[in-house]
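A.B. asks: This is the structure I want to talk about, given as structure tokens.
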Amino acid sequence: MKTKVNVIFTAFEAAPFIKTGGLGDVGGALPPALNKSGCNVKVILPKLSIIPEKYKKKMEPVQTFTVPLSWRNQYCGVEKLTYHGVTFYFLDNKYYFERDKVYGHLDDCERVAFFSKAVLESILKVEELQCDILHCNDWHTALVPVFLREFYMGSEKMAKIKTVFSVHNLKFQGIFSKEMLGDVLGLDSKAAASQLCQGRGAINLMKGALLYSDVLSTVSPTYAEEIKSSYFGEKMEGIFNKRSDRLFGILNGIDTAEYNPQKDKKIPATFDKDNLSGKAICKVELQRKIGLEVKENTPLIILITRLTEQKGLDLILRILDELLQEDIQIAVLGTGDEKYENALREAENRYKGKMCAYLAFDSALSHLFYAGADLFMMPSRFEPCGLSQMIAMRYGTLPVVRETGGLKDSVIPYNKYTGEGTGFSFSDFNAHQFLFVLKDAIGVYLNDKEAWNKLVIQAMETDVSWKIHAKEYADIYKKLMEGSL
Ligand code: ADP
């Protein structure tokens, strides 16, 4: 019998424990899918105080030790919990992790450095954490491959580990003052000191991972190509070009059990592609709940997102008034930049009953939004993968997206001649292109029910699960183990 590859997957987020966006979805859904693809995956997360109490209560203590971090020695407790067949290990240190929000603290560099060092100390010291492949995600765990090579090569258990680093969003790289190098990271006398440097006074944690990891991946094939250009590369395009033989683009999937219109307990009526009557009930409930006029046959367009420039909010605000002249409704579920929150709130006041700005992060309510809507807007400036458009498709809500990154890879645009498609798309970051496509989509909804229903069914039939894509990661792990990568 072949032995399974032992994978340690580490990230700062994994649903349902910690989630601020797509990284949380991936952290929760990819590990069980990898197990199904024949790997033996364990996950290491920070034990943040925002983890719901019901999970904290079930955690069992495993071991405690101290973690060396430059001149400091910090306490670390390891606890574990098995969820959906995967064992999650939580690293506890109240000083670093007992905070009201996940990111955005003055000492974030020290917090992630502690976590990264603690991940490696756990693998070194906890017997049950066997590791062939160490899979790290985004800048919060970017120091792991760097510390591994700089501090742990004297240990046999550690020296054989191969590393994979996945970029979920290149916009956030973890850039800090150069002073952190010695005082916090303890890397000032190591080769990494020059590798991490960016400009005169800064260090870039993600740059470290891009240089030190055995394999790099990002979350869609199109984004893997885009980041080799200066427009999308965020100053890292040189590394991606140089290491292009080690860079893979693997499209994300979604958790198809969590997002399942046939069984979803968070919506008032379930439905499937053969019987959409439940979706109509969800629409009425959504309209009622968020103060829109109850109108079954008026197209309801939604947006569920972080309200940031990346997500194309400028395009949406540019066309909002013109769009709202039509007989449509718009509902936004999101939080983010104040300027966008204010503009949306103000639009809600001007179009009461027609437009709703629900400014909150509410995972349960997002299910009702996805289920009850007709169209989902996602005109992103750039989009490494994007999960929302896939969740929307699963609930028969047709996405209207810009053709970039994972949006291009996951949505097939409507072809009015063949009837093909799972949504609508446009190419340039241009407000009026976006408006024309939206109006097209509204036109199909109002005037061609047959074509519309076919699109809804095609969207719902799309395989947005992790099944195929987890296998692509498993193949990379296997090649790394065999030495053919
Ligand atoms: P990103 O990771 O860039 O924020 P993705 O589309 O990959 O974007 O993933 C966003 C995830 O966060 C989706 O699961 C989406 O439903 C969820 N989400 C975003 N904003 C909210 C919100 N305000 N309330 C609930 N869920 C949200």
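A.B. asks: Is there a residue in the range 167-184 that is out of contact with any Lys or Arg (no Cβ under 6 Å at 6 or more places or on another chain), part of a loop (DSSP other than H, G, I, E, B), open to solvent by 10 Å² or more (accessible area, probe 1.4 Å) and closer than 22 Å to Val7 by Cα?
C.D. replies: Scanning the range 167-184, I find at least one residue that is out of contact with any Lys or Arg (no Cβ under 6 Å at 6 or more places or on another chain), part of a loop (DSSP other than H, G, I, E, B), open to solvent by 10 Å² or more (accessible area, probe 1.4 Å) and closer than 22 Å to Val7 by Cα, so the answer is yes.
A.B. asks: If Lys36 satisfies all but one of (1) surrounded by fewer than 22 Cβ atoms within 10 Å (Cβ to Cβ); (2) within 16 Å of the ligand (Cβ to nearest atom), what's the number of the condition it fails?
C.D. replies: Only one criterion is unmet by Lys36, namely (2).
A.B. asks: Restricting attention to the range 3-17, does a residue exist that is within 12 Å of the ligand (Cβ to nearest atom) and basic (Lys, Arg)?
C.D. replies: Checked the range 3-17: no residue is within 12 Å of the ligand (Cβ to nearest atom) and basic (Lys, Arg).
A.B. asks: What are the residues in the range 293-311 that are within 12 Å of the ligand (Cβ to nearest atom), of a type outside the set (Ser, Thr, Tyr) and open to solvent by less than 60 Å² (accessible area, probe 1.4 Å), if any?
C.D. replies: Across the range 293-311, the qualifying residues are Ile302, Leu303, Ile304, Leu307, Gln310, Lys311.
A.B. asks: Further, regarding this structure: Looking at (1) surrounded by fewer than 17 Cβ atoms within 10 Å (Cβ to Cβ); (2) over 24 Å from Gly27 (Cα atoms); (3) acidic (Asp, Glu), find the lone condition where Asp362 falls short.
C.D. replies: Exception for Asp362: condition (2).
A.B. asks: For the range 325-339, name all the residues that are open to solvent by 10 Å² or more (accessible area, probe 1.4 Å), not polar (S, T, N, Q) and not in a loop (DSSP other than H, G, I, E, B).
C.D. replies: Selection gives Gly336, Glu338, Lys339.
Conditions (1) surrounded by 21 or more Cβ atoms within 10 Å (Cβ to Cβ); (2) in a strand (DSSP E or B), marked per residue:
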| residue | (1), (2) |
| --- | --- |
| Ala113 | yes, no |
| Lys117 | yes, no |
| Ile123 | yes, no |
| Gln130 | no, no |
| His135 | yes, yes |
| Val144 | yes, no |
| Gly154 | no, no |
| Met158 | no, no |
| Val164 | yes, yes |
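The values are calculated or read from the model by the stated rules, or taken from the named source; none is laboratory data. Every value quoted in this text rests on a predicted model; they were computed, and no experiment measured them. Glycine also receives a Cβ, built like all others from the backbone with ideal geometry; neighbour counts cover every protein chain displayed. Areas reflect the complete protein model, heavy atoms only, side chains present, ligands, DNA and RNA absent. Shrake-Rupley method; radii C 1.70, N 1.55, O 1.52, S 1.80 Å.
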